[in-house]
Amino acid sequence: MKKTWRFWAIIVILLFIISGCAGETDSRPKETAAQDWVLKVTFLDTGKSDCIIMEMGDFVVVNDTADADDAAAICAFLDERGVERIEYLILSHFDKDHIGSAAALLSKYEVGCVLMPDHEEDSEPYLMLTQALAQTEAEERRLVEDYSFTLAGITFTVDAPEEDFYDDDNNYSLITTVSCGETRFLLMGDALKKRTGEFLDSDAGEERYDLIKMPHHGDYNKKLPELFALARPEYVILTAGEERVRVDDKTIELLGQSGSQVFYTDEGTVTALSDGRTVRVMQ
């Protein structure tokens, strides 16, 4: 009788341990949880250049297209996901490390609309862009005022430069905000002090952002502390080149003081997922 009691006692204990372990496993974040995202934002590892791909259901938005020699990698990423159409191609400004592969994407994919600053530039990448635009049916919008659109319930607002002329071409940068439920992303292009100040003077500049893509690959400007004080980002993405030569010491100090989790694309592609309530970042 005692042996029988001990036998069943051992069985009960073993079942309790097994069920307890199973409970712990179920409560942990699973890889399949990544499928619950509403918005997926991918910051490609293209060196000192920007290419940000945003997916929401069947819709795709691309913000900047890195350098010309990044076209194959960008297309491979899009092809792997079965992308045939880009709803919006947002070109923050016309530096080669932001529009280098734009002509290739316009030639390969159906593009609904191209958003860019109302500005001209004398360069080969810009010439290739305009030639590719002329050969496609993509709508072209050169922004002189802010522009908004919504896809799958996610709202994009593109902040346009306020002035007709800037001494530095980087200040023509379009600044894009993305609102997904309660979460917000801020993509700064290469905005310098002047453009950052313009943005801070807008309604969008007073908002909090879960994630900021840093402007100009880590260059510091005196408006950044004010931006961080208002935005209070949990995550910061910095598109860095080799040896991070553009990342100023003052930028590193600011990032350290902010308490944000910082991701550098020279360490690999960065992916941010939003379910409309929370943001998860992976590398």
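Check whether at least one residue in the range 187-210 is surrounded by fewer than 24 Cβ atoms within 10 Å (Cβ to Cβ), of a type in the set (Asp, Glu), under 24 Å from VAL279 (Cα atoms) and free of Cβ contacts under 8 Å to residues at least 24 places away in the same chain, and report yes or no.
Yes, because at least one residue in the range 187-210 is surrounded by fewer than 24 Cβ atoms within 10 Å (Cβ to Cβ), of a type in the set (Asp, Glu), under 24 Å from VAL279 (Cα atoms) and free of Cβ contacts under 8 Å to residues at least 24 places away in the same chain.
Residues checked against (1) hydrophobic (A, V, I, L, M, F, W, C); (2) outside any loop (DSSP other than H, G, I, E, B); (3) touching a strand residue (DSSP E or B) at 6+ places or on another chain (Cβ under 9 Å); (4) buried (at least 20 other Cβ atoms within 10 Å of the Cβ):
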residue	(1), (2), (3), (4)
SER49	no, no, no, yes
ILE53	yes, yes, yes, yes
ALA76	yes, yes, no, no
TYR88	no, yes, yes, yes
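Which members of the range 97-121 meet the condition of being surrounded by fewer than 19 Cβ atoms within 10 Å (Cβ to Cβ), modelled with pLDDT of 95 or more and not polar (S, T, N, Q)?
Passing the criteria: ALA104, LYS108, GLU110, GLY112, CYS113, ASP118.
Right, GLY82: at pLDDT below 95 and at positive phi or not?
no
Go through (1) part of a helix (DSSP H, G or I); (2) free of Cβ contacts under 8 Å to residues at least 12 places away in the same chain; (3) of a type outside the set (Val, Ile, Thr) and name the single condition ASP122 misses.
Unmet for ASP122, out of (1) part of a helix (DSSP H, G or I); (2) free of Cβ contacts under 8 Å to residues at least 12 places away in the same chain; (3) of a type outside the set (Val, Ile, Thr): (1).
Here is a list of conditions, (1) touching a helix residue (DSSP H, G or I) at 6+ places or on another chain (Cβ under 7 Å); (2) closer than 26 Å to LEU224 by Cβ; (3) in a loop (DSSP other than H, G, I, E, B); (4) of a type outside the set (A, V, I, L, M, F, W, C), and ASP164 meets all of them except one; can you say which number that is?
(1)
Name every residue in the range 234-280 that is closer than 24 Å to THR155 by Cβ, of a type in the set (A, V, I, L, M, F, W, C) and touching an Asp or Glu at 6+ places or on another chain (Cβ under 9 Å), in order of residue number.
The answer is VAL270, ALA272, LEU273, VAL279.
The values are calculated or read from the model by the stated rules, or taken from the named source; none is laboratory data. Everything numeric in this text was worked out from a predicted model, so none of it was measured. Cβ atoms come from the backbone with ideal geometry, glycine included; neighbour counts cover every protein chain shown.
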